[in-house]
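Asker: Have a look at this one.
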């Protein structure tokens, strides 16, 4: 067993997280993350992805992949949980919008929404 203080730290070891002897109690206890039995349980992947996204350990896209759901579904889920989907100040949001517009122009016509 390895002591870790958070789910993000526990992911690094991939096995068991217990309260550290001289630290705060963990936010979660994770067992054998490489075991499909645990990750295959209903809601486990979504809960793990949500916790990792909330702590800024993963992006929205990576969170959706971990949760095994579509990006838009993950965005809706975290929004319902009160977790901001758009992070940053107005300048960052404007930059993101410009980048998204540029990306959309580069996509092939077959991939564009009709």
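Asker: Residues that are on the phi < 0 side of the Ramachandran plot and at pLDDT below 70, at least 1 per element: which helices (runs of 4 or more DSSP H) completely within the chain meet that?
Answerer: Fully inside the chain and qualifying: 7-13, 36-39.
Asker: Filter the stretch 60-79 down to residues that are under 8 Å from the mean Cα position of the chain (by Cα) and more than 13 Å from residue 45 (Cα to Cα), then give me how many there are.
Answerer: Qualifying residue count for the region: 2.
The values are calculated or read from the model by the stated rules, or taken from the named source; none is laboratory data. Keep in mind it's a predicted model, so treat the numbers as computed, not measured.
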